[in-house]
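Structure, as structure tokens:
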């Protein structure tokens with residue numbers, strides 16, 4: 001396994017760029033090792049070993065920029081990557097807004113956010129975990145007929161970000177996951193579903209048995225799904241699907257979409273875009289969070305907490321230094337995206353939400369990408385369950401749900417406290433009233 | 001015939017670190033000297049990627065990337081061991097080979113010393129490096145021209161975004177049966193998208209294309225065509241009314257709407273899913289899975305096409321594989337491992353995103369052959385339905401067979417006439433069932449312009465699609481208006 005001195009490599013890149021007459025430069029480097037194994041039908045199927053390293057350099061001169069990347073971190077390799085970036089910068093056009101983030105915004109505190117827990121398990125132990133996970137799913141019910149397997153993956157590495165303001169930060173991180181995907185069959189056909197967990201600390205992963213059990217349950221309840229007639233109805237998005245609605249909102253308030261006037265959230269800061277009971281915030285300093293960081297991708301200090309939407313009112317866009325300057329605003333420390341998004345709830349559990357909805361559709365899977373980010377028009381393939389009197393009646397498939405995201409956000413009736421906290425967004429189920437379901 | 005390719009590949013991938021035939025033999029020996037090993041391979045790859053982006057009339061960003069490395073794989077029945085090295089020095093590759101061989105049990109089989117014999121390959125595309133072949137100033141000029149042409153087309157154009165990308169890959173594949181196969185793969189792509197505004201309403205349109213060419217493929221006429229199309233689509237969208245919701249007759253235009261085939265049948269016919277029995281098409285060879293007007297092929301042998309390959313990533317020759325003939329399922333798309341396990345022939349569909357990824361059966365250019373109808377007759381036959389001519393992405397659940405693809409330009413058909421444009425809507429169906437409802441196939445087959453990217457298990461590869469105009473008697477349209 002290679003072990004490159006990333007700090008030294010970053011310094012070489014920045015020094016060389018300055019020496020070559022660049023006004024500003026920044027470098028992002030990472031290296032890491034990982035393993036992923038899959039067991040299928042109770043046999044080890046694949047073992048993959050990963051060992052990656054990369055350097056990305058951006059240079060700025062006379063408000064022009066160029067960037068280049070490579071895995072070659074020899075001194076000569078670093079220099080030739082910088083040369084490639086400088087060569088690009090000779091031909092790009094000038095834009096006053098280009099450049100590093102302002103020096104006074106750089107993070108000065110680097111507190112430990114508990115992000116690094118390398119997994120020291122032997123390969124055999126990982127194989128045993130995958131086998132146990134899949135065995136639970138396969139043995140859950142006689143209708144579980146086949147499997148796509150159970151996978152364990154583990155990654156740990158370190159990353160450095162440095163720029164010519166003299167900013168340099170090095171951090172270590174890890175991420176581990178366990179997933180299981182099985183197939184059930186009846187004479188009506190096959191259905192597949194899965195479950196997974198991921199965490200920076202392998203000890204905090206759900207047990208292999210719990211994941212296998214959940215994967216099997218999710219398949220079994222989908223068997224013999226049918227199409228329903230087209231109708232107008234309330235739709236409850238389960239927590240995993242609800243996250244995608246939050247994701248579209250975050251995408252629509254990104255500075256890049258805003259300054260290009262390519263977003264349905266254009267000019268909506270200060271306006272009510274969601275019901276009053278909704279607050280959406282990012283929590284960048286969450287201990288052990290998958291999106292946690294003390295600074296963004298440009299070295300700008302992240303806040304401990306920032307509301308994107310407060311009491312239903314859009315508070316600000318999501319900005320890095322370039323898009324902030326384009327809009328005459330200050331960076332919101334979002335170069336590289338938002339971090340640990342949390343969504344408030346209305347105090348209802350999953351069952352309460354179903355009862356409150358009464359009649360409608362519970363969506364547990366969405367497929368396709370039918371979203372127009374300029375207009376907010378939304379139309380996606382869906383599968384789930386028809387609900388009457390607050391109870392699941394039968395599984396549903398081969399339908400679409402459609403509306404406009406502006407209306408869908410305003411028509412949110414309730415948000416559950418049945419959180420899914422895996423990954424970068426923590427959110428419960430969301431009930432949206434009055435959507436069009438297309439079916440038979 | 002491919003001497004040039006072989007010398008370039010060796011000079012790029014082996015000579016800089018002085019990898020000798022002895023070194024390669026020792027590595028291959030380590031990979032294949034595992035009890036029960038069916039085959040092993042080493043995939044050396046150098047790739048150079050350059051991309052330039054314009055918005056607000058200025059080429060603001062450009063990026064340049066070089067990657068190289070070797071992927072090492074040993075396959076034992078259904079089992080695969082895999083590792084890779086970004087360092088092409090023998091010692092580093094040898095460490096990765098140790099990792100692979102440690103995964104399997106060491107066996108007794110001893111590989112004879114061999115010289116890897118070059119395999120003849122007929123190149124389907126130029127071996128020139130598109131990144132190096134055009135001066136940077138001309139690349140920037142392509143984007144500036146795109147901006148100028150799109151803005152000149154209509155005063156309602158408020159923003160133009162354009163991206164130009166060029167990739168140059170050099171590949172050398174060494175196999176445990178003693179072959180060495182080179183390939184040099186150029187790939188270029190230009191995308192133009194526009195935002196138009198009228199009476200406070202905004203919409204977008206986009207068009208792009210490319211293939212395995214040099215950047216000189218983007219002539220002024222081609223750029224003009226992309227710019228015109230992007231603007232036209234955006235202006236049509238400004239006028240669009242709500243799309244209907246429900247199951248109805250759907251006519252799909254020729255070309256890019258062939259994404260239907262990619263999703264509804266393509267993925268479900270990949271060998272890995274069928275070997276494992278997880279596809280809605282598993283075990284159905286010889287059965288009728290589409291209407292008898294449907295003949296669908298996957299053809300990796302088309303010159304200069306985005307989805308084409310002179311050799312696949314396992315060193316096998318791509319083919320024009322008939323998947324469905326007159327409605328009957330004929331064949332799956334296979335890579336080496338799945339073909340062996342299913343006792344079928346390889347079809348040259350073994351593909352991988354890079355040396356750091358495992359190969360699997362993937363599509364190349366998937367399209368439907370011509371039928372007998374004039375496109376006008378097909379539209380005339382529809383009383384109430386929609387005519388969809390442009391699409392965004394699609395997705396499929398290969399197990400249940402449910403597929404979706406999302407239209408970005410569609411019209412109502414009323415009493416045999418195309419009337420008003422409707423907003424984009426997602427179409428959903430069940431692959432084997434939906435294909436049975438294809439009642440008319442046109443005579444205007446065309447392939448897409450060369451922008452397709454296919455994702456599977458987290459790996460992206462370039463692909464092509466195509467079809468003639470066709471009618472499906474019954475497909476669910478995900479509009480908002482009941």
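The values are calculated or read from the model by the stated rules, or taken from the named source; none is laboratory data. What you are looking at is a predicted structure, and each value in this text was computed from that prediction instead of being measured. Glycine also receives a Cβ, built like all others from the backbone with ideal geometry; neighbour counts cover every protein chain displayed.
In summary, residue B:274 fulfils each of the numbered conditions (1) in contact with a helix residue (DSSP H, G or I) (Cβ under 8 Å, 6 or more places away or on another chain); (2) surrounded by 24 or more Cβ atoms within 10 Å (Cβ to Cβ); (3) away from chain A (no Cβ under 14 Å) with the single exception of condition (3).
A quick yes/no check of all residues on (1) buried (at least 23 other Cβ atoms within 10 Å of the Cβ); (2) under 28 Å from residue A:196 (Cα atoms); (3) without any contact (Cβ under 8 Å) to a residue 24 or more places away in the chain; (4) facing another protein chain (nearest Cβ under 9 Å):
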{"site": "A:376", "(1), (2), (3), (4)": "no, no, no, no"}
{"site": "A:388", "(1), (2), (3), (4)": "no, no, no, no"}
{"site": "A:392", "(1), (2), (3), (4)": "no, yes, no, no"}
{"site": "A:397", "(1), (2), (3), (4)": "yes, yes, no, yes"}
{"site": "A:401", "(1), (2), (3), (4)": "yes, yes, no, yes"}
{"site": "A:406", "(1), (2), (3), (4)": "no, no, no, no"}
{"site": "A:412", "(1), (2), (3), (4)": "no, yes, no, no"}
{"site": "A:415", "(1), (2), (3), (4)": "yes, yes, no, no"}
{"site": "A:419", "(1), (2), (3), (4)": "no, yes, no, no"}
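Of the residues screened, residue A:105 is not one that is within 14 Å of another protein chain (Cβ to nearest Cβ) and touching a helix residue (DSSP H, G or I) at 6+ places or on another chain (Cβ under 9 Å).
Here's the yes/no breakdown for (1) touching a residue at least 24 places away in the same chain (Cβ under 8 Å); (2) within 14 Å of another protein chain (Cβ to nearest Cβ); (3) touching a helix residue (DSSP H, G or I) at 6+ places or on another chain (Cβ under 9 Å):
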| site | (1), (2), (3) |
| --- | --- |
| A:231 | yes, yes, no |
| A:239 | yes, no, yes |
| A:246 | yes, no, no |
| A:259 | yes, yes, yes |
| A:273 | yes, no, yes |
| A:278 | yes, no, yes |
| A:283 | yes, no, no |
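Residue B:272 - would you say it is modelled with pLDDT of 95 or more, in a helix (DSSP H, G or I) and in contact with a strand residue (DSSP E or B) (Cβ under 8 Å, 6 or more places away or on another chain)? Against the criterion (modelled with pLDDT of 95 or more, in a helix (DSSP H, G or I) and in contact with a strand residue (DSSP E or B) (Cβ under 8 Å, 6 or more places away or on another chain)), residue B:272 qualifies. Just one of the listed residues (A:251, A:288, A:320) is under 27 Å from residue A:202 (Cβ atoms) and either surrounded by fewer than 20 Cβ atoms within 10 Å (Cβ to Cβ) or at pLDDT 95 or above (or both), and it is A:288.
Scanning the range B:370-392 for residues that are assigned to a strand (DSSP E or B) and in contact (Cβ under 8 Å) with a residue 40 or more places away in the chain gives B:373, B:384, B:385, B:386, B:387, B:388, B:389, B:390, B:391. Could you check, for the range A:55-75, whether at least one of its residues is closer than 20 Å to residue B:87 by Cα and surrounded by fewer than 16 Cβ atoms within 10 Å (Cβ to Cβ)? Yes, there is a match, as at least one residue in the range A:55-75 is closer than 20 Å to residue B:87 by Cα and surrounded by fewer than 16 Cβ atoms within 10 Å (Cβ to Cβ). Could you tell me whether the range A:90-107 includes any residue that is surrounded by fewer than 17 Cβ atoms within 10 Å (Cβ to Cβ), at pLDDT 95 or above and part of a helix (DSSP H, G or I)? Yes, the range A:90-107 has at least one match. Filter the range B:464-474 down to the residues that are out of contact with any helix residue (DSSP H, G or I) (no Cβ under 6 Å at 6 or more places or on another chain), in a strand (DSSP E or B) and surrounded by 24 or more Cβ atoms within 10 Å (Cβ to Cβ) and list them by number. Residues satisfying the conditions are B:464, B:470.
Assess whether residue A:360 counts as being more than 20 Å from residue A:421 (Cα to Cα) and in contact with a helix residue (DSSP H, G or I) (Cβ under 7 Å, 6 or more places away or on another chain).
Working: more than 20 Å from residue A:421 (Cα to Cα): yes; in contact with a helix residue (DSSP H, G or I) (Cβ under 7 Å, 6 or more places away or on another chain): no.
No; evaluated as a whole, the condition is false for this residue.
Per-residue answers, yes or no, for (1) touching a strand residue (DSSP E or B) at 6+ places or on another chain (Cβ under 6 Å); (2) part of a helix (DSSP H, G or I); (3) under 20 Å from residue A:158 (Cα atoms); (4) away from chain B (no Cβ under 12 Å):
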position: A:13; (1), (2), (3), (4): yes, yes, yes, yes
position: A:28; (1), (2), (3), (4): yes, no, yes, yes
position: A:46; (1), (2), (3), (4): yes, no, no, no
position: A:59; (1), (2), (3), (4): yes, no, no, no
position: A:66; (1), (2), (3), (4): yes, no, no, no
position: A:82; (1), (2), (3), (4): yes, yes, no, no
position: A:87; (1), (2), (3), (4): no, yes, no, no
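I'd like the full set of residues that are more than 9 Å from every other protein chain (Cβ to nearest Cβ) and either under 16 Å from residue A:164 (Cβ atoms) or not in a helix (DSSP H, G or I) (or both), limited to the range A:68-78. Within the range A:68-78, A:73, A:74, A:78 meet the criteria. Reported count of residues in the range B:50-80, each being touching a residue at least 40 places away in the same chain (Cβ under 8 Å) and over 27 Å from residue A:96 (Cα atoms), is 13. Can you list the helices (runs of 4 or more DSSP H) lying wholly within the range B:84-186 that have 2 or more residues being under 22 Å from residue B:357 (Cβ atoms) and at pLDDT below 95? It comes to B:90-103.
In the set (1) within 18 Å of residue B:96 (Cβ to Cβ); (2) modelled with pLDDT of 95 or more; (3) within 14 Å of another protein chain (Cβ to nearest Cβ); (4) surrounded by 19 or more Cβ atoms within 10 Å (Cβ to Cβ), the condition left unmet by residue B:34 is number (2). Scanning the range B:408-444 for residues that are out of contact with any strand residue (DSSP E or B) (no Cβ under 6 Å at 6 or more places or on another chain) and either in a loop (DSSP other than H, G, I, E, B) or away from chain A (no Cβ under 14 Å) (or both) yields B:414, B:415, B:416, B:417, B:435, B:436, B:443, B:444.
In the range B:53-71, of all residues being under 22 Å from the mean Cα position of the chain (by Cα) and more than 7 Å from chain A (Cβ to nearest Cβ), the one that is farthest from residue A:260 (Cα to Cα) corresponds to B:71.
For the range B:31-62, residues that are assigned to a strand (DSSP E or B) and touching a helix residue (DSSP H, G or I) at 6+ places or on another chain (Cβ under 7 Å) total 12.
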